Each structure stands twice: as C-alpha cells, then as structure tokens.
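Asks: This is the structure I have questions about; it appears just below.
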Amino acid sequence: LFQYSRCIKSSLQDRQGNFVLCLADGKNQEAVAFHNQVQKISMWFIETADTVDLTSDEGGGYWKVMYLFRKHSDSESKLNDTSTKDMCGKEKYSFVGFVTMFFFYSPFKKPKSGRLIRICQALVLPPYQRVGHGKVMMNAVYDMARGKYNETLSSGDFDKHHEIVEINIEDPAPAFTALRDRVDYELMKKNNTSSKPWVSLNLSCTEPVTSDESFFIPLPESRAIAIGAEAKITPRQVQIACEMLKLECIENEIKRLKSMKESSELLEKTDDLQRKFRLMVKKRLLRMHKEELGTLSQKEDRKRRLAQLYDETYYHYCLVLGMKSKLSGES
C-alpha cells in the first residue's frame, strides 16, 4: 500500500527505520500459510486472541490481512555488520504487526445496505509499540474503506458490487479502544476544521462555549447515524468523537477564561461548563446503559452507577486527549 519512516526505539540509540504496509488476500495460499505462523504470536500479547481461518467464507464474507514490515536499510547493515539482502539478493524485511479484517454484506444496515469491515485482531510487536504504527494501520483501513487505494489494489481485491459502509471492531481490548477513539476523534476534528468538510458538525471551538447553549445538546441518534455513514464509523463512535471534541473546546474555553476572570468568577464559570458537559454525556450513557440501569431497583443505586459510568468515560477521554493535569486531579 505504502512505505513510511518512523523512529525505532533502542537501548543504545533511537534511529529512523523504514516500514512497509501491505494487504494480503485470505484466498491466497501463501498468505494463509504465513498467517497461520504469525498469528500464534498474538496469543502471547492479546488476552482474547483466537486463531483465524483466513479461508473461511462464512455468510458470504471474506478475509483480508494488513501486514506491517520493517525494511532493513544499508545503513543498518553497516551498523550491525549484517547484510540487508538474503541469499537470493532480495531485500530483507522483518515482521512488525498485522490487522485482520473480515468483510461481509449487511442488507439491513442503516441508512443504506452495504459491506462492513470488522477488525478482528490487531497486533504491533512490543519493540515497535508507542511510536504510532497502530494509528498508521487504523488510518490505512479507513482510507481503504473510502477507496483511496482502489487504483493500487487489483480488481479482485474487493467486491465491487457493494460499497463499504462501516468499519467496526470485534471485542476490542482497552488499549485498542483508546487507539480507535483517538483515530475517530482526529478524523472528526480534521473534518470539522476543514474548509471543505464532507459532513457539517456545526461545532466551533473558536467561539466562546458559554454563549451557545446548543453546544451542550446531545447529538440526536439520527444525526449520529447520518454522520457515521459519511465517516464509515459506527454511530456510537460518532457520539464519542463529538464528546471529546466538545471536551477539548471546553478546556480551551477555561484557559481563555483564566486570562480574563477573577478567581471566584472563574470557578463559577468552570463549574458551570463542567456541569453542562457532565449532564450531556450522562444523557447518552443513560440511553446506552438503559437495560443495566433498569435492573437496579433503587433510585440512588441508579444515580451512583450512572455517576460511575460518567467518571470512567471522563477519565478515558482525558487519557485519549492527553489531558495529564486532569488525570492527576489538577484544575
């Protein structure tokens, strides 16, 4: 698909490395044989990992695997006194990670039917973690769904009769949930600040938040579905991304107020902004966890559980957005 450079962490010296992203077909026997070997590694690093049969066509679906390899350079061969080519004179590559994807048709998908991509497993080996490879692979999946690589890929790579309408993830681990939320947040933020957005969020962080009460109105489900259809993500992910965008706007507003207000007035304004944001998010959580909350007979128990759900959500948002001061309890 493409090549890129990224820092390689080392106990001796950090250096730049070259990486190659590839797409393999589950119908290709060589790809199947290779994946049957490398997927065993995931058992050591993914708690819910399971083996995948790439030849399976359950429900008329099919498998693709996105592989990430490190391409060894001549400078590395001089540093390590090794050759960057094998005995046949071919370039040497080493395995870095993969993302398995199952493509299937959903006839009842709203607002229109089409093919879905379900990400089933994603792995980046520990020596290459925390330098952005996971984000590169996730964004590549999104770009592929939007047709960016149609000219690069052969005509047999996809079912041309059905448009890819959504990307979802099967039972994501907490770290992968954070990665997904960050990618979706950045996607929405980029669109929101674009001069030619593909969907309007009617959300501006340049205007004072306090002057717009509509800012704190939860996104209607119908609107989330419509935006999700354009972004090719789930309505729930649209809600999450928009809430993180609003939280960032609120934090920017609080910083602006700090330079203008007296401490007593600042505290009042800050409390008001945080209260409105909390109520907005709780309304969504109330709908989302309606069944669970309904099993609690006492009103105080429901309120306590809803408050807990909000605290967990807020902490997660701060973690994804890198708001370290919030995580440490600073104002």
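The values are calculated or read from the model by the stated rules, or taken from the named source; none is laboratory data. Owing to the predicted nature of the structure, the values given are computational and were not obtained by experimental measurement. Positions of Cβ are generated from backbone atoms using ideal geometry, with glycine treated the same way; all protein chains shown enter the neighbour counts. Heads up: the accessible areas ignore ligands, DNA and RNA and are worked out on the full protein's heavy atoms, side chains in. Shrake-Rupley method; radii C 1.70, N 1.55, O 1.52, S 1.80 Å.
Asks: Note down the accessible area of Ser5, probe 1.4 Å, to the nearest 10 Å².
Replies: Only protein atoms counted, so the area is about 60 Å².
Asks: At a probe radius of 1.4 Å, what is the per-residue accessible area of Arg180, in Å² to the nearest 10?
Replies: Taking all protein chains as shown, Arg180 has close to 30 Å².
Asks: Test of understanding: what is the full-extension gain from Asn36 to Cys22, defined as 0.36 nm times their sequence separation minus their Cα-Cα distance?
Replies: 3.3 nm
Asks: Which value, in Å² and to the nearest 10, is the accessible area of Asp171 when all protein chains are kept and the probe is 1.4 Å?
Replies: Number for this one is 100 Å².
Asks: Now a separate question. With each label point set 7 Å from Cα along the Cα-Cβ vector, what nm distance links Lys148 and Glu265?
Replies: 4.6 nm
Asks: Out of Ile250, Leu273, Leu286, whose Cα points farthest toward the positive end of the dipole of segment 236-305 (charges: +1 Lys, Arg; -1 Asp, Glu; placed on Cβ)?
Replies: Comparing the listed Cα positions along the dipole, Leu286 ranks first.
Asks: What distance in nm lies between label points placed 7 Å from Cα along the C-beta direction at Ser56 and Lys290?
Replies: Each label point lies 7 Å from its Cα, and together they span 3.2 nm.
Asks: Out of the chymotrypsin sites (Phe, Trp or Tyr not before Pro) in segment 100-157, which ones are loop residues according to DSSP with at most 12 other C-beta atoms within 10 Å?
Replies: Phe108
Asks: Can you give me the C-alpha center-to-center distance between segment 273-298 and segment 223-263, rounded to a whole angstrom?
Replies: Taking the Cα centre of segment 223-263 as reference, the centre of segment 273-298 is 18 Å away.
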